[in-house]
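Read through the structure below, which is laid out as structure tokens, and then see the notes.
The values are calculated or read from the model by the stated rules, or taken from the named source; none is laboratory data. Quick caveat, the model's predicted, so the values are computed rather than measured. Every residue, glycine among them, receives a Cβ derived from its backbone with ideal geometry; neighbour counts consider all protein chains shown. Each accessible area value is taken on the protein alone, full model and side chains, heavy atoms only, with ligands, DNA and RNA left out. Shrake-Rupley method; radii C 1.70, N 1.55, O 1.52, S 1.80 Å.
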Amino acid sequence: QVQLVESGGGSVQPGGSLRLSCAASGSISSFNFMGWYRQAPGKERELVAGFARGDSAQYVDSVKGRFTISRDDAKNTVYLQMSSLKPEDTAVYYCNVLKLPKSYWGRGTQVTVSS
């Protein structure tokens, strides 16, 4: 069983920045995948950024150049640095881990971008 705890969400004006954190209960080096999804009201959940084991980070086109995913294996934590935020980035952001054969989700953290 893997537990994930997200933090760092909040409200910010357009152009601002936030950093999300996802602390895992197990060693993240053992995970097959770690990443961040988001779900805006009335929309499907989408993958924003993620690492598959042994691969470089991947991003959805809409956040390339603005968001950066990183990891600290010593702290079993994955981060999502979000910059140049736009109103369309408003969503609940979820941390996801794949430790085969199971997928684990955090409870989500709200990000609101509004003037």
Checklist outcome for this item: Toy charge model, Lys and Arg Cβ at +1, Asp and Glu Cβ at -1: the chain dipole around Cα centroid in debye, rounded to 20, equals 140 debye
Checklist entry - How far apart, in nm, are two points set 7 Å out from the Cα along the Cα-to-Cβ line at Gln3 and at Ala57? => result 2.7 nm
Item to check | Leading residue at positive end of dipole, the chain (Cβ point charges), from Gly9, Gly50, Leu100 | outcome: Leu100
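Given Cα pairs under 8 Å that are at least 6 residues apart, what percent is the relative contact order of the range 62-115?
Computed value for the range 62-115: 28 percent relative contact order.
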Checklist entry - Non-local amide H neighbours of Gly108 (under 5 Å, H modeled in plane, Pro and chain starts lacking H): which ones? => result Glu6, Cys95
Checklist outcome for this item: Of 55-67, 82-94, 3-15, ordering from highest average Cβ density within 10 Å down gives 82-94, 3-15, 55-67
Checklist entry - Over the range 5-67, what percent of the accessible surface lies on carbon and sulfur atoms, probe 1.4 Å? => result 47 percent
Item to check | Straight-distance crosslink candidates among lysines, where the alpha carbon sits under 22 Å from Lys64 and sequence neighbours closer than 8 are dropped | outcome: Lys43, Lys86
Checklist entry - Using a Förster distance of 25 Å, how high is the FRET efficiency between Lys102 and Ser17, based on the Cβ-Cβ distance and rounded to 0.05? => result 0.15
Item to check | Set of the range 1-37 residues, backbone N closer than 16 Å to the point 7 Å along the Cα-Cβ line of Ser115 | outcome: 12-17
